[in-house]
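The values are calculated or read from the model by the stated rules, or taken from the named source; none is laboratory data. None of the values given here were measured: they were computed from a predicted structure. Quick reminder, even Gly has a Cβ in these numbers, built from the backbone with ideal geometry, and neighbours come from all protein chains shown. Areas reflect the complete protein model, heavy atoms only, side chains present, ligands, DNA and RNA absent. Shrake-Rupley method; radii C 1.70, N 1.55, O 1.52, S 1.80 Å.
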Amino acid sequence: ENKENNKITSLSFKNFSRIFKMKIGLISDIHANLPALKNVINFLKEKEVSSIICCGDIVGYGPYPNEVIEFLKGIENFYSVCGNHDWAVLGLVDLNVLNEDARRAILWTRDVLNEEGFEYLSNLPPKLTGPNFMIVHGSLRDPIMEYITGPDVYAYSLPKQTRRVLFVGHTHRPIYYTATSTGLINPSFFIPERPVTIEVESDLRYLFNVGSVGQPRDGNPFSSCVIYDTKKREVTLYRVSYDIEKVQNKMKEVGLPEFLIERLKEGV
Ligand code: ZN
């Protein structure tokens, strides 16, 4: 780990506490999908969030890696952790663990990503800890790679969860779990397609998977995003539409795998 990463990872957020004591926008798994990202960021800004945090996977799969990174750099109070695709582009993941389409997209991304893009990805920390929340891509046990697919997997992260709310991405499926102080994890609740608000109660801990901006996989092709209102102690999940065909055409143009193009329309 280099110094830069350590500095960002251990950021106490003391100086930033003001922006995290208001509404925080949470996104994940952008996957180089610029039209989807733009619509989600516009939506969050209209809702007057004071900061935006991404749970990783900025690139991979999609056709706009340089444009997405450039756009993110222009957002005020934007932070992100590192995802497995970001790591894969940097050469930090064995490409054999990825499926054929994902691997081809990583190799394509490496080919086209500019120097600033590589530098940006290499400075992403694996974990962020705020005054009342924690952020990782996968899980607290394994921040980059582990998929929290159920209560049994979440149980391994719970001892490391020192804040009431943990936000993750990685599975591309919005969902949440609650855990009691004794570590009993309640059955997972799938978040439906309509905007839904969950009250954060002080005697429970929470895991929210915020879903995906650029490649949703829960059968709804619209982008997922979340607002955490830290004053009202409410978490709300929203879905935002974007021009899917435009992204598909760009993917065809640059020669990304057919299945990755098709799945956007179905949200799988
Ligand atoms: Zn992803």
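Residue by residue through segment 217-231, note down the ones that are under 23 Å from Lys38 (Cα atoms) and surrounded by 13 or more Cβ atoms within 10 Å (Cβ to Cβ). Result: Arg217, Asp218, Asn220, Pro221, Phe222, Ser223, Ser224, Cys225, Val226, Ile227, Tyr228, Asp229.
No other residue among Thr171, Thr180 is open to solvent by 10 Å² or more (accessible area, probe 1.4 Å) and touching a Leu at 6+ places or on another chain (Cβ under 9 Å) apart from Thr180. Taking segment 1-75 as the region of interest, the helices (runs of 4 or more DSSP H) fully inside it that hold 3 or more residues being under 30 Å from Leu95 (Cβ atoms) and modelled with pLDDT of 95 or more are 34-46, 65-73.
Yes/no per residue for (1) under 14 Å from His31 (Cα atoms); (2) assigned to a strand (DSSP E or B); (3) open to solvent by less than 40 Å² (accessible area, probe 1.4 Å):
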| residue | (1), (2), (3) |
| --- | --- |
| Ser202 | no, no, no |
| Gly211 | yes, no, yes |
| Gln215 | yes, no, yes |
| Leu237 | no, yes, yes |
| Lys246 | no, no, no |
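Out of everything in segment 144-161 that is within 16 Å of the ligand (Cβ to nearest atom) and open to solvent by less than 30 Å² (accessible area, probe 1.4 Å), what residue ends up being nearest to Val68 (Cα to Cα)? Looking at residues that are within 16 Å of the ligand (Cβ to nearest atom) and open to solvent by less than 30 Å² (accessible area, probe 1.4 Å), I get Ile144.
If you go through segment 73-98 and keep only what is open to solvent by 60 Å² or more (accessible area, probe 1.4 Å) and either within 12 Å of the ligand (Cβ to nearest atom) or of a type in the set (A, V, I, L, M) (or both), you end up with Trp87, Leu92, Val97.
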